[in-house]
Structure formats: C-alpha cells, structure tokens
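Trainee: Before we start, here is the structure in question, set down as structure tokens.
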Amino acid sequence: MQPEKLLEEIKKNYLPRIEKVTSLQDLEKVRVEILGKKGILTSILRGLKELPLEERKRIGREANLLKEEITSLIEKKKEDLKSKKEISQFDPTLPSFPIPYGKLHPLTQVTEEIIEIFRNLGFQVFTGPEIETDYYNFEALNFPPDHPARDVQDSFRFEGDWLLRTQTSPVQIRVMERFSPPIRIVSPGRCFRRDNPDASHLPMFHQIEGLAVDENITFSDLKGVLEEFAHAFFGEDVKMRFVPSFFPFTEPSAEVSISCIICKGKGCKTCGYTGWLEILGAGMVHPQVFRNVGYDPEKYTGFAFGMGVERIAMLKYRVDDIRLFYENDLRFLQQL
Ligand code: PHE
C-alpha cells in the first residue's frame with residue numbers, strides 16, 4: 001500500500017482505537033500494531049529509504065510527527081487507565097483510617113461522676129444563673145451587707161445589683177422559692193471570685209452544691225450522705241472528719257475532710273503532714289434562710305454542702321496545679 005494511504009489509515013482507524021481502549025493490555029496491543037517491530041508505522045519508516053528523495057522527506061516528516069503524536073497519546077491513555085484501575089481497586093467495605101476520639105474534659109468527668117453518686121442517693125440536678133443579684137448570692141443566704149464572711153468571696157460586680165456568683169449556694173434559694181419540701185438537689189456550676197491565679201486559685205472555678213430539706217432531717221443524715229459520697233468517690237477505706245466551721249447560711253457548720261488518699265493518713269506533702277484533706281463545706285440550713293424563702297423553720301430542717309470540683313479533681317488525679325485544667329495542653333488532658 002502507498003505510504004500516504006497507510007498514514008491516512010493510521011489516522012482514521014488506529015488513533016480512534018487508542019481513544020477507545022479500556023484496558024492496559026488492549027492499549028499495548030494497539031501500540032504493537034502501530035509501533036512494534038512489525039507495526040504499521042514502523043514499516044512506513046523502514047520503507048522510507050526506498051522512496052524518491054522528495055517523497056522521502058515529505059513522508060518522513062509526516063510519519064515522524066505522527067509517531068510523536070501517537071507516543072504521547074498512548075502515554076496519556078496509560079496514565080488514565082492506571083488511575084482508573086486504582087480507583088476500581090478501592091474497597092469501600094474496608095475499615096476506614098482510625099479517627100482519634102475526643103473525650104470529656106477531666107472536670108466534666110469528675111462533675112458527672114460526683115452527680116451520679118448523688119443521683120443514686122435520690123438527689124435531682126438543678127442549675128442556676130452565673131450572673132446573680134446580691135440578694136441571691138449573699139443576702140438571702142444570710143450574709144448581711146457588711147458581714148466579714150463576704151471578704152473571702154470578693155466579687156466581680158456589674159452596675160446596679162448584679163454580680164458573677166461567688167458560690168453555687170444561690171441555687172438553694174432559687175429551688176426553695178419554687179418548690180416545697182421535700183427537696184433533694186445537687187447543683188453543679190461555675191463560680192467567680194476576684195482571686196489571683198496561683199497553683200490553687202483561679203478567678204473562675206466550679207462547685208457542686210447539695211441541699212436536702214424535709215421534716216426530721218438531722219446532722220446524721222448529712223454525715224451519712226457525705227460518707228456515702230466519700231466512699232463511693234474516693235474508696236471504701238477513707239475516713240471522714242468534721243471540723244466546726246462557719247458559714248452564714250448553715251448552723252452548725254463544718255469543714256469536712258477525708259483521710260489523705262496518698263499517705264493513708266500518715267502525713268505527707270499533699271496533706272501538709274496532717275493526714276487529712278479538706279474536701280467540702282457543709283452544715284444544717286440556718287433557720288433564717290428558711291424564713292427568707294417562706295419555709296417554717298419549726299417544721300422543716302435540712303442540710304447543705306458545697307464542694308470545689310477542681311479541688312476534688314486535683315486530689316483524684318494527683319494534679320498539683322489548678323491552672324493545668326485550663327491550659328488545653330493535650331499532653332495533660334490525654335492522661336486523664
Ligand atoms: N458555698 C460555700 C463556699 O463556697 C460552701 C458551702 C455550701 C458551705 C453549702 C456549706 C453549705 O464556701
């Protein structure tokens with residue numbers, strides 16, 4: 001066949017075949033048919049030397065251009081087919097790459113753990129606002145305006161009567177205003193005091209408040225509930241100690257400690273060589289608080305307690321600096 005005809009033939013029939021090929025094997029077959037030792041284009045190039053000079057130049061140029069075009073077309077097709085093959089080898093039923101799970105912040109974990117213990121004892125969960133009035137945060141809790149008990153709760157105040165609550169105790173008032181006894185509630189939440197940050201203080205921290213009001217509630221009920229909590233949270237072998245204290249809204253009041261969970265009461269750095277760790281404040285609800293919410297103090301008695309979540313979490317996880325909870329350092333958080 002005339003070389004010109006053959007070139008036409010390649011363009012008309014072989015080029016489209018390259019386009020249509022669907023497998024690497026078929027592509028190789030077409031390549032051999034065109035460019036292999038006995039390929040159609042190879043034979044044209046081989047036959048060039050038999051042609052007259054003018055024709056040789058013309059056909060030669062055209063054949064070489066076509067060879068280049070075909071070579072790059074085949075290369076491109078090869079890449080296409082390879083990437084398609086990779087996609088078709090993707091198995092969507094295989095398990096995916098593991099996604100690292102997040103988890104609850106240690107303070108949230110501790111809060112939930114504490115609340116769960118009290119829930120099992122029949123306490124309900126209530127929350128209150130973080131922005132309070134002086135009345136709910138202090139006045140109704142029997143802190144008179146100039147009482148020195150306010151000094152340890154230096155507050156962030158807004159214009160007017162508003163302040164950031166310094167304790168969760170105002171929730172006691174809000175709950176008693178809304179409901180009649182019997183009452184058994186715990187109330188977790190943020191509190192704020194004008195403290196400078198150090199290893200054991202931050203201007204924002206968390207408390208969990210507890211309140212039980214009914215007829216015939218006694219100090220032994222308070223002791224029993226707190227002992228149940230301490231054993232459930234810190235272990236059956238911890239001992240409890242009540243030391244007389246003062247809060248305006250409870251009478252009598254106590255500071256409650258557990259035997260040091262690190263040295264088992266022998267005395268170490270964590271417990272300041274006393275063998276005891278203070279974990280919360282508590283007491284019997286002051287009659288004036290009952291009068292403030294319209295309860296009859298002759299009919300009802302009750303107990304209240306309040307604990308710092310950070311403090312409890314520091315004891316549980318042996319953390320020696322409260323600020324670590326708020327630095328969001330994953331090296332710290334991932335351990336807890
Ligand atoms: N609200 C008290 C405080 O922050 C703690 C407390 C709560 C004490 C309930 C007694 C009863 O210091």
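Trainee: Which of (1) touching a Lys or Arg at 6+ places or on another chain (Cβ under 8 Å); (2) touching a residue at least 60 places away in the same chain (Cβ under 8 Å); (3) under 25 Å from residue 108 (Cα atoms) does residue 226 not meet, given it meets every other one?
Mentor: Of (1) touching a Lys or Arg at 6+ places or on another chain (Cβ under 8 Å); (2) touching a residue at least 60 places away in the same chain (Cβ under 8 Å); (3) under 25 Å from residue 108 (Cα atoms), only one is false for residue 226: (1).
Trainee: Could you list, in sequence order, all residues of the range 58-99 that are open to solvent by 90 Å² or more (accessible area, probe 1.4 Å) and outside any helix (DSSP H, G or I)?
Mentor: Across the range 58-99, the qualifying residues are 90, 92, 93, 94, 95, 96, 97, 98, 99.
Trainee: Exactly one condition in (1) touching a Cys at 6+ places or on another chain (Cβ under 9 Å); (2) loosely packed, with under 12 Cβ neighbours inside 10 Å is not met by residue 130; state its number.
Mentor: (2)
Trainee: Any chance you could count how many residues in the range 220-261 are within 22 Å of residue 122 (Cβ to Cβ), more than 13 Å from the ligand (Cβ to nearest atom) and open to solvent by 10 Å² or more (accessible area, probe 1.4 Å)?
Mentor: So the answer is 12.
To keep it simple, each residue is scored yes or no on (1) surrounded by 13 or more Cβ atoms within 10 Å (Cβ to Cβ); (2) touching a strand residue (DSSP E or B) at 6+ places or on another chain (Cβ under 9 Å); (3) outside any helix (DSSP H, G or I).
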{"site": "114", "(1), (2), (3)": "yes, yes, no"}
{"site": "135", "(1), (2), (3)": "yes, no, no"}
{"site": "144", "(1), (2), (3)": "no, no, yes"}
{"site": "152", "(1), (2), (3)": "no, no, no"}
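Trainee: Okay, next question. Does residue 111 satisfy the condition of being assigned by TED's automatic domain parsing to the domain that holds residue 322 and in contact (Cβ under 8 Å) with a residue 12 or more places away in the chain? Step through it out loud before you land on a result.
Mentor: Numbers: assigned by TED's automatic domain parsing to the domain that holds residue 322: yes; in contact (Cβ under 8 Å) with a residue 12 or more places away in the chain: yes.
For residue 111, the condition - assigned by TED's automatic domain parsing to the domain that holds residue 322 and in contact (Cβ under 8 Å) with a residue 12 or more places away in the chain - is met.
Trainee: Restricting to the range 299-314, and then to whatever is open to solvent by 10 Å² or more (accessible area, probe 1.4 Å) and not basic (Lys, Arg), can you tell me which residue is nearest to the ligand (Cβ to nearest atom)? Steps first, answer last, please.
Mentor: If we filter the range 299-314 for residues that are open to solvent by 10 Å² or more (accessible area, probe 1.4 Å), which is where we start, we get 299-301, 306, 308, 311, 314.
Pick out the ones that are also not basic (Lys, Arg) and you get 300-301, 306, 308, 314.
On the way: 300: 16, 301: 14, 306: 3, 308: 8, 314: 17 Å.
Among those that are open to solvent by 10 Å² or more (accessible area, probe 1.4 Å) and not basic (Lys, Arg), it is 306.
The values are calculated or read from the model by the stated rules, or taken from the named source; none is laboratory data. Keep in mind that what you see is a predicted model, and the values were worked out from it rather than measured. Note that we place each Cβ from the backbone using ideal geometry, even for glycine, and neighbour counts take in every protein chain shown. To get the accessible areas, we keep the full protein, side chains included, count just its heavy atoms, and leave off ligands, DNA and RNA. Shrake-Rupley method; radii C 1.70, N 1.55, O 1.52, S 1.80 Å.
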